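**Student:** Would you mind keeping the following structure in view while I ask a few things?
The values are calculated or read from the model by the stated rules, or taken from the named source; none is laboratory data. In this text the structure is predicted, and so the values were computed from the model without any measurement. All Cβ positions, even for glycine, are placed from backbone atoms using ideal geometry, and neighbour counts span all protein chains on display.
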Amino acid sequence: MDRRTVLQVLGAAAVGAGAPDELAVLGREIHRGLRPAAGLGVLDSRQNATVVAIADLLIPATDTPGATAARVNEFIDLLLAEWYDASDRDRFLAGLADVDARARASFGKNFADGSPSEQAGLLTVLDHETARWHGSPEATRGPEPFYRRMKWLTLFGYYTSEIGAGQEQHYVMIPERYVPCAPVDSLAAPPPE
C-alpha cells in the first residue's frame, strides 16, 4: 500500500465512519470560516511556512490537489486562533519551534528552507518518535508529540475540505437516487443506455 492510500484510509477513518458525524460537520464549519486574504491570526510567516512544508509532505499534490490547495495551513491557523485554548496553542507553537530547531541542528536551516529530502528525513525521525510514544504504556507516555497533532490536524483539515472530501474521496452528500422499499437486487446500478 502506498503512502497516498494510507493517508486516504486514515483520513476517511478520521472524518468518516470511524468518527462521529459531528467531527465532519465541525471541519466543514471551520472551512467555511476561512476568510480569503484575511491573513493569519496566530501563525507568523516562518511558522506558516513550516506548517505548509509539513502538510505538503504529508499530502502532496498528485493527480489530486494537495494540502496547500485545500488551505490546510489556514485551517490550522483558524483552529489555533478560535478553537484551541492558550496552553494547547502554546504547545503547538513550541512544537513548530522545535521542528525548526531540529532542522537547524540537522541541516543548518529552518525546516521550510530545507530540501525535500532533508525535510522528509526529519519527518521520518519525528514519525519514529511518535510511534515509540504511541507504543509505550499510557502511564509513562508523557504529553502527545507535536508531530502526532500536526499529522492529525493536516488529515482533518484536508479531508473535511471540499478538495479532500469531494475530489479525493468522491464523497457525495446526497446520493444520485432514492429507491424506497425496493428489493435488494433492484438497487444495482441501472444498465447503461
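**Student:** Looking at the range 130-148, I want the residues that are part of a helix (DSSP H, G or I) and have a partner that is polar (S, T, N, Q) and surrounded by 13 or more Cβ atoms within 10 Å (Cβ to Cβ) with Cβ atoms under 7 Å, at least 6 apart or on another chain. Which pairs are those?
**Tutor:** Listed pairs, sorted by first residue: TYR147/THR130; ARG148/THR130.
**Student:** Moving on to the next point. Do you know which residues across the range 55-90 are basic (Lys, Arg) and under 12 Å from the mean Cα position of the chain (by Cα)?
**Tutor:** ARG71
**Student:** Please go through the range 89-127 and pick out each residue that is farther than 15 Å from ARG46 by Cα and out of contact with any helix residue (DSSP H, G or I) (no Cβ under 9 Å at 6 or more places or on another chain).
**Tutor:** ASP90, ALA105, GLY108, SER117, THR124
**Student:** Related question: Here is a check on your reading of the model: is ARG71 of a type in the set (Lys, Arg), within 14 Å of TYR159 (Cα to Cα) and modelled with pLDDT of 65 or more?
**Tutor:** Yes; evaluated as a whole, the condition is true for this residue.
**Student:** Restricting the first residue to the range 37-58 and requiring it to be among the β-branched types (Val, Ile, Thr), which pairs with a second residue that is in a loop (DSSP other than H, G, I, E, B) meet a Cβ separation below 8 Å and a spacing of at least six or different chains?
**Tutor:** THR50/ASN110; VAL51/LEU43; VAL52/ALA67; VAL52/THR68
**Student:** A further question on this structure: Working carefully through the options ARG102, ARG35, ARG91, find the one that is on the phi < 0 side of the Ramachandran plot, of a type in the set (D, E, K, R) and at pLDDT below 75.
**Tutor:** Testing whether each residue is on the phi < 0 side of the Ramachandran plot, of a type in the set (D, E, K, R) and at pLDDT below 75 leaves just ARG35.
**Student:** In addition: Of all residues being loosely packed, with under 11 Cβ neighbours inside 10 Å and not hydrophobic (A, V, I, L, M, F, W, C) in the range 133-145, which is nearest to the chain's Cα centre (by Cα)? Just the residue, please.
**Tutor:** Taking the candidates together, the pick is PRO143.
**Student:** On to the next question. Can you find a residue in the range 165-182 that is touching a helix residue (DSSP H, G or I) at 6+ places or on another chain (Cβ under 8 Å) and either crowded, with 18+ Cβ neighbours inside 10 Å or modelled with pLDDT of 85 or more (or both)?
**Tutor:** The answer is yes; a qualifying residue exists.
**Student:** Based on what the data block shows, is ARG71 in contact with a His (Cβ under 9 Å, 6 or more places away or on another chain) and over 16 Å from LYS151 (Cβ atoms)?
**Tutor:** When the stated conditions are applied, ARG71 passes them.
**Student:** When you check ARG148 against the structure, is it loosely packed, with under 15 Cβ neighbours inside 10 Å and at pLDDT 90 or above, yes or no?
**Tutor:** Taking the combined requirement at face value, the residue does not satisfy it.
**Student:** Which residue out of ALA53, ALA13 is at pLDDT 90 or above and small (Gly, Ala, Ser)?
**Tutor:** Only one candidate qualifies: ALA53.
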